[in-house]
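So the structure is just underneath, and the comments pick up after that.
Read-outs throughout are calculated quantities, based only on the coordinates presented, and are distinct from any laboratory measurement. Fair warning: this is a prediction, and the values are worked out from it, not measured in the lab.
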Amino acid sequence: MKVEIISPSATLFEGEATSVTVPSKMGPFTLLEHHAAIVAILEAGKVTLTDASGQQHEFTIKGGFTENHDNQLTICVES
C-alpha cells in the first residue's frame, strides 16, 4: 500500500509499506494492504511501519489523524 506520513514541517515517510500500526484514540490498530476504508484520530505514541523491503520504521507522534482508502494511507501527525 502507498503510505504518506506528513507533519506541518516535513514529509516523514513516503513510499510503499506492507503494514502500519498507529496509536488511535480507540487503541492501537494495524493496517495491512487492502484494508477497509477508515478515518481515525491518533493520540500520542508510536507509528510503526514495515516498508516494502521489510525494514521497520518508527515515528514518535503527539497526535493527529489517519485516512485510508483505495490502498492509500495518509497519516497527518504532530511530531
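Counting alpha carbon pairs within less than 8 Å and at least 6 residues apart, what relative contact order, in whole percent, applies to the chain?
Relative contact order for the chain comes out at 33 percent.
First check a/c for the range 9-59, with a ≥ b ≥ c the square roots of the eigenvalues of its C-alpha gyration tensor; if it is under 1.5, answer rounded, and if not, answer prolate when a/b is larger than b/c or oblate otherwise.
Numbers: a/c = 1.68, a/b = 1.22, b/c = 1.38.
Oblate shape, in that a/c is at least 1.5 and b/c is the bigger or equal ratio.
Here the extension length gained between residue 44 and residue 71 equals 7.3 nm, from 0.36 nm per residue of separation less the Cα-Cα distance.
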